[in-house]
Amino acid sequence: MWDITQYLNPEIQYNDFEDSRDGQVYKTVVIGDLEWFAQNLNYDYHKGYQKLSYCLKDSKDSCAKYGRIYQWKYAVDSLGLLSAANINPDYENDHVQGVCPEGWWIPTWAEYYDKLWSYADVYTKESEYHWNTLLAMKGWLWETRGIECHGTDALGFSALPSKGNGTKGYIEFEVFLMWFADHQYVALYGSSGSIMPVDMHSLMSVRCVREVDMSNPPKRTERVVRRGNVEDYFNPDVKYDEFKDERDGQVYKSVKIGPHVWMAQNLNYKVDENTPCGGGINYRVGEEGDCALNGRLYPMDDAYDICPDGWHLPDSLEFESLMDESRADGDTTVIALRGEKGWDVNLYKALNTSGFTAIPAGRDVSDRSGRVLFHKETGFAAVFFIQNTDPLDDYRDLKTATITTRSVVPLYGKSPMRASIRCVKD
């Protein structure tokens, strides 16, 4: 019989809860004023002979370790097989029991962020990221490198890489995927974490919660917005030019890299009062960064026409040219494109030999309506919108290019977000 205790934090006090429906016993942990399952739910949800929950790769051993995975509509029991109250509830405000045992419910994004992340914030060291406090202390690999990359499990949440099934098949890399009641999910990796909306046909895990009395929650750790002079970030050995944005009089540095002239700073044009500054405090809302250093973050709808007259939003071919040219002197793109300062984790040194001066201003994550949920990746990633020019790809007109401490990758942005802009001269 598989034993979960080998993956739990031995310094945390866990409780036992028996699901009266099938007799399974789960470890639970109190975090703040909520009691969370410290294991994924393993309830066999079905309709007659129709199977509506699954074990990874149809392995019962996998179910014992990772629990079952569910489509969102079955996770929230939208069919009402377990309770009529699960049919058409207010997913953002009601306690949706879904497939959870009586007295428990599927958490909302707000409960996860306000009740779990706030405590993760308390236990997260400056050199770590929030998701590390949620990952189990063993059982993880860094998905891009195949090396061990475990969490601290400081809260006892004990997330294991349960993977899941996307719409295109089984997800092979290391990731913990968990549904929220309000149409979103959390993805925790060995090296990162994110919260986003998703295709509702995907299969993911369920963690159940219930309320407990907690009259004295811990105070959140004070974090300070990083400020600085952008001039200190440029490479003194690179020749920069200057140009003025006639719309607001701001002067920017520019640099010629290969055949193209690029802005060497993030665009800082203020469209309206809802144009936030980059470099905000991670996993907070409304705590913006230093605009003069980080520039501003723009939604996709503003990205196309936001550049000054005579400049344009780069396309994917121009960005590929940037990467190729930055490697011309033998440096990798990670070394050549990143400014030497501002990066929290330096897996590779940053020399800024190209003069591009990427600054890790992070990005804002939004919901489907465009409402900003939180900021993330300050100190870890520079995220830019670029135009998608691939004629074989009709996914969307824009994608993002992300420069991190370990890679430079053009990616398709599936979730709504606000990102930085670097313009290219016409």
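Name the residue, out of VAL251, VAL255, that is over 25 Å from the mean Cα position of the chain (by Cα), exposed (fewer than 14 other Cβ atoms within 10 Å of the Cβ) and farther than 26 Å from LEU373 by Cα.
VAL251
Taking the condition of being among the polar types (S, T, N, Q) and either farther than 28 Å from TRP140 by Cβ or in a helix (DSSP H, G or I) (or both), how many residues in region 54-87 meet it?
Adding up the residues that qualify gives 4.
Yes/no matrix, rows are residues, columns are (1) part of a strand (DSSP E or B); (2) at pLDDT 90 or above; (3) in contact with a helix residue (DSSP H, G or I) (Cβ under 6 Å, 6 or more places away or on another chain); (4) surrounded by fewer than 19 Cβ atoms within 10 Å (Cβ to Cβ):
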residue: ALA292; (1), (2), (3), (4): no, yes, no, yes
residue: ASP302; (1), (2), (3), (4): no, no, no, yes
residue: CYS307; (1), (2), (3), (4): no, yes, no, no
residue: GLU320; (1), (2), (3), (4): no, no, no, yes
residue: ALA328; (1), (2), (3), (4): no, no, no, yes
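Of everything in region 5-30 that is aliphatic (A, V, I, L, M) and either part of a strand (DSSP E or B) or not assigned by TED's automatic domain parsing to the domain that holds ASP61 (or both), the residue that is surrounded by the most Cβ atoms within 10 Å (Cβ to Cβ) is VAL29.
Scanning region 94-108 for any residue that is in the same structural domain as GLY139 (by TED's automatic domain parsing), in contact with a Ser or Thr (Cβ under 9 Å, 6 or more places away or on another chain), of a type in the set (Gly, Ala, Ser) and buried (at least 16 other Cβ atoms within 10 Å of the Cβ) turns up at least one such residue. PRO416 falls short on exactly one of the conditions (1) at pLDDT below 70; (2) crowded, with 19+ Cβ neighbours inside 10 Å; (3) within 21 Å of PRO236 (Cβ to Cβ); (4) not aliphatic (A, V, I, L, M), and that condition is (3).
All conditions but one from (1) surrounded by 12 or more Cβ atoms within 10 Å (Cβ to Cβ); (2) modelled with pLDDT of 95 or more; (3) under 30 Å from TRP311 (Cβ atoms) apply to GLU246; the one that does not is (1).
Looking only at residues in region 31-53 that are in contact with a Phe, Trp or Tyr (Cβ under 8 Å, 6 or more places away or on another chain) and assigned to a strand (DSSP E or B), the one that is farthest from VAL212 (Cα to Cα) is PHE37. Of all residues in region 268-288, count the ones that are within 23 Å of the chain's Cα centre (by Cα) and part of a loop (DSSP other than H, G, I, E, B). Going through region 268-288 one residue at a time, the tally reaches 14.
The values are calculated or read from the model by the stated rules, or taken from the named source; none is laboratory data. Bear in mind the structure is a predicted one, so any value in this text is a computation, not a measurement. Cβ: placed from backbone, ideal geometry, glycine included. Neighbour counts: every protein chain shown.
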